[in-house]
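The next block holds one structure in the form of structure tokens; read it before the comments.
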Amino acid sequence: MNDYLERISFKDIDLNEPFFNSLKKDYYGFEKWFNKKANEQAYILRLNQFIHGFLYLKYEDGPITDVTPEISCKKALKIGTFKVNPHGTRLGERFIKKALDYAVKGNVELCYVTIFEKHQTLVKLFEKYGFIKHGVKTNNDTESVYVKSLSKINNDLLLDYPLIKTKERKKYILSIYPEYHSIMFPDSILKNEHIDILEDVTITNSIHKTYVTRMKVNQVKPGDILVMYRTATKGMKAEYTAVATSVCVVEEIRSQYDFNSFEEFYKYATTYSIFDKSEIESYYNLGSSAYAIKMTYNAAFSRRLIRKYLIENIGLERDSYWGFFKLTDTQFNRIIKEGEVSESIIID
């Protein structure tokens, strides 16, 4: 596969592909609407040269008056068209993350989507990440309107996603080898890496990630915050190729001793994970505990921070063990600021 998610003009998309048949059936005038968007862009996923996912996003000034009741806001993101062909790779989560990243970038108060209630799998996916039924939109048919606030929190990791509550949360650096990093964290891929390494697979698409390690990470608790640190490129100096790239929030941490057998641990650890069975088994059999950390992938840094910068400008200790260590609040805040993570997702 040469491309992962493409951003492409409507005029360059073949509306005759079978993918669009259900949209034409569900939405009266869909072809006319599509053709009017000729110079606008959407995200698509191609597999074997055919489209299997389509996402159209649009910023709108509020209030939103073509739904009942109206949506009161100054600026919103409309998820205009969202369709995936289900095939077991959690592409829907990837598209939700893309939409929420777009919302954060646009500094909107909320995002909303209209859905026919017959699409219950899609409805449940949006509800999982904090979209709440608001009302209806009626044209030729009636759709439900689901809204997600990006300013109010529910004190729930998934309902609040991608917002990060930092007060009374511990923060850590957690290292990851390059061969795992970019496949697990696709928005954090380095500029000198090839996009071809990204594929339509569960671990790349999912908002959730499971990291398996033998480092002593058992102090980590749900809600704690992890700054992911991609270790040095093989054969190159860590000062310039080891980088902080992403921020994640811990959902759960489990020890191998929480399970009755390797197979049980493997079944848990391999969910949302790039690690294969032989790797996990080698960790499991080494004596002291292996750990599996389940986390949400909340944000990629717009500016990657190399080890040299982290030491000289943020104040991290050169002689620390950089596999895993605790950050002070001041260090974390500096990393978030210097990494150019949108301040709007950080909730004190």
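The values are calculated or read from the model by the stated rules, or taken from the named source; none is laboratory data. Since the model is a prediction, treat every value here as computed from it, not as a measurement. Virtual Cβ from ideal backbone geometry, glycine too; neighbours counted across all protein chains shown.
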Of all residues making up region 120-146, the number that are free of Cβ contacts under 8 Å to residues at least 60 places away in the same chain and crowded, with 17+ Cβ neighbours inside 10 Å: 9
Failed item, numbered, when Phe259 is tested on (1) closer than 26 Å to Leu163 by Cα; (2) among the hydrophobic types (A, V, I, L, M, F, W, C); (3) modelled with pLDDT of 95 or more: (1)
Residues (acidic (Asp, Glu) and farther than 30 Å from Leu158 by Cβ) located in region 231-267: Glu239
Single unsatisfied condition, Gly80 versus (1) buried (at least 19 other Cβ atoms within 10 Å of the Cβ); (2) within 20 Å of Glu127 (Cα to Cα); (3) in contact with a strand residue (DSSP E or B) (Cβ under 8 Å, 6 or more places away or on another chain): (1)
Residue match in region 80-96 (condition: closer than 18 Å to Phe116 by Cα, of a type outside the set (Ser, Thr, Tyr), part of a loop (DSSP other than H, G, I, E, B) and in contact (Cβ under 8 Å) with a residue 60 or more places away in the chain): yes
Residues that are in contact with a helix residue (DSSP H, G or I) (Cβ under 8 Å, 6 or more places away or on another chain) and without any contact (Cβ under 8 Å) to a residue 40 or more places away in the chain, drawn from region 314-330: Ile314, Gly315, Glu317, Arg318
Region 8-20, subset in a helix (DSSP H, G or I) and of a type in the set (D, E, K, R), residue nearest to Glu143 (Cα to Cα): Lys11
Which listed residue is more than 17 Å from the chain's Cα centre (by Cα) and either farther than 20 Å from Tyr56 by Cα or assigned by TED's automatic domain parsing to the domain that holds Cys73 (or both), from Lys118, Lys148, Lys105: Lys118
Qualifying position, being of a type in the set (Val, Ile, Thr), in contact with a Leu (Cβ under 7 Å, 6 or more places away or on another chain) and either modelled with pLDDT under 95 or assigned by TED's automatic domain parsing to the domain that holds Tyr172 (or both), among Val243, Val220, Val212: Val243
Subset tally (residues that are more than 15 Å from Arg169 (Cα to Cα) and not in a helix (DSSP H, G or I)) for region 307-348: 14
Residues located in region 21-76, provided they are outside any helix (DSSP H, G or I), of a type in the set (Gly, Ala, Ser) and surrounded by fewer than 14 Cβ atoms within 10 Å (Cβ to Cβ): Gly29, Ala38, Ser72
